[in-house]
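Structure first, commentary second.
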Amino acid sequence: MKRSSKLVASLFALALGAALVVGCTANMDANQTEEPQNTPEPVATSVTVTDAAGRQVTLDQPVDSILTVYGSKYILALGLGDKMVNGSTKDFELAVCPSLANGITFGSEQMNAETIAQINPDVFIHKATATELMGALDNLGVNSIGIYMETPEEVCATLELLGTALGVPDRAAELITYYQDLMNTGARLTANIPQDERPTAILMGNTIGKVAHGSMLQSIMIESAGGINLAKDVQGEGTWPVVGVEQIFEWDPDFIFIMNSTGRDYDAQTILNDPAWANLTAVQNGHVYVVPSDLDSWEYPCVQSGLGTIWMISKMYPDLITDAQLETYVNEFYDFVYGVQFTREELNY
């Protein structure tokens with residue numbers, strides 16, 4: 001009897017163990033069944049965008065080669081400089097992306113559809129007004145995108161367009177938010193300053209007497225910085241209409257800003273040292289400035305124009321943005337937008 005009891009006990013223990021094993025296995029299966037399946041998001045193989053010329057363009061993804069003769073600063077800000085097949089000799093662009101020293105370079109006379117087709121980039125980027133060239137590229141099977149960026153809204157639209165087309169929409173969104181914040185800084189800082197107490201200003205072009213009218217980015221920069229553009233209502237064909245020095249003398253602006261251009265035939269000292277300009281308020285107070293920078297123009301219609309607006313605030317309202325604060329803005333700008341740093345001497349501001 002004792003042996004039988006032990007045998008029964010052993011058999012019962014084995015049965016109980018087997019039940020426990022089965023129960024654990026069942027629980028494990030149940031848990032595995034309840035866990036959601038991590039199905040990877042489908043990766044887009046192509047994307048279709050509408051460019052600034054109203055053309056629908058479909059690009060295979062990812063885009064690995066970009067050729068541009070217009071808007072390269074957008075490509076660099078989006079972090080895609082290493083995908084640019086065109087080269088550059090510009091110090092700023094080479095500082096941001098040294099590999100551009102090895103890219104393809106060709107002059108405007110060589111920029112035709114056949115040459116571009118031989119290079120065969122995944123996408124060619126140019127002004128939206130170059131419709132004839134882009135139409136020829138369509139016939140040769142080369143994708144092209146037209147961009148236009150003469151206002152802050154168009155700067156943002158260009159960033160969004162290129163970010164989507166080139167596969168970096170999140171980076172484009174970051175840049176748009178940052179740019180809009182820079183452009184809105186003046187409105188925040190000068191909100192309580194009455195209109196009749198705001199400084200007046202003009203921004204002259206590459207020849208004395210040419211000015212930025214109200215629909216131009218440079219005019220919007222003045223207004224965004226809390227100033228009043230005296231040339232805002234000037235009418236004229238295209239950009240930089242000529243009003244002449246007599247009109248400028250009549251306006252008598254508090255500030256005279258000058259575009260930064262290699263083709264400019266005068267500078268701030270030309271005006272400050274000319275006896276004919278001596279009675280102007282801006283000259284008497286020494287408020288005649290070339291918009292920085294020698295290395296990277298802060299009036300260029302890209303994110304840079306936000307930095308140019310901050311600089312204008314520092315000139316017209318030095319108590320609102322001090323020189324030290326301006327330097328902080330500049331350093332943060334180049335670090336965030338381009339991932340590089342420049343000295344004040346290099347930028348000359």
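The values are calculated or read from the model by the stated rules, or taken from the named source; none is laboratory data. Being a predicted model, the structure only gives us computed values, none of them experimental. Ideal geometry is used to build each Cβ from the backbone, glycine not excepted, and the neighbour counts take in all protein chains shown.
The table below lists the values:
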item	result
Residue 248 vs. criteria assigned to a helix (DSSP H, G or I), at pLDDT 95 or above and touching a Ser or Thr at 6+ places or on another chain (Cβ under 7 Å)	no
Subset of the stretch 190-200 [buried (at least 17 other Cβ atoms within 10 Å of the Cβ) and not β-branched (Val, Ile, Thr)]	198, 199
Residue 226 being in a loop (DSSP other than H, G, I, E, B), out of contact with any Asp or Glu (no Cβ under 9 Å at 6 or more places or on another chain) and within 21 Å of residue 329 (Cα to Cα)	yes
Filter pass, residue 183 being under 18 Å from residue 329 (Cα atoms), at pLDDT 95 or above, not assigned by TED's automatic domain parsing to the domain that holds residue 79 and not β-branched (Val, Ile, Thr)	yes
Looking only at the stretch 311-347, and only at residues there that are closer than 21 Å to residue 77 by Cα and part of a loop (DSSP other than H, G, I, E, B), the one that is nearest to the chain's Cα centre (by Cα)	338
Selection within the stretch 80-102 - under 19 Å from the mean Cα position of the chain (by Cα), surrounded by fewer than 17 Cβ atoms within 10 Å (Cβ to Cβ) and in contact (Cβ under 8 Å) with a residue 12 or more places away in the chain	82, 91
Of all residues in the stretch 171-181 being under 12 Å from the mean Cα position of the chain (by Cα) and of a type outside the set (Phe, Trp, Tyr), the one that is surrounded by the fewest Cβ atoms within 10 Å (Cβ to Cβ)	177
Residue match in the stretch 261-269 (condition: among the hydrophobic types (A, V, I, L, M, F, W, C), buried (at least 16 other Cβ atoms within 10 Å of the Cβ), within 17 Å of residue 218 (Cβ to Cβ) and modelled with pLDDT of 95 or more)	yes
Single match in 286, 306 (criterion: small (Gly, Ala, Ser) and within 19 Å of the chain's Cα centre (by Cα))	306
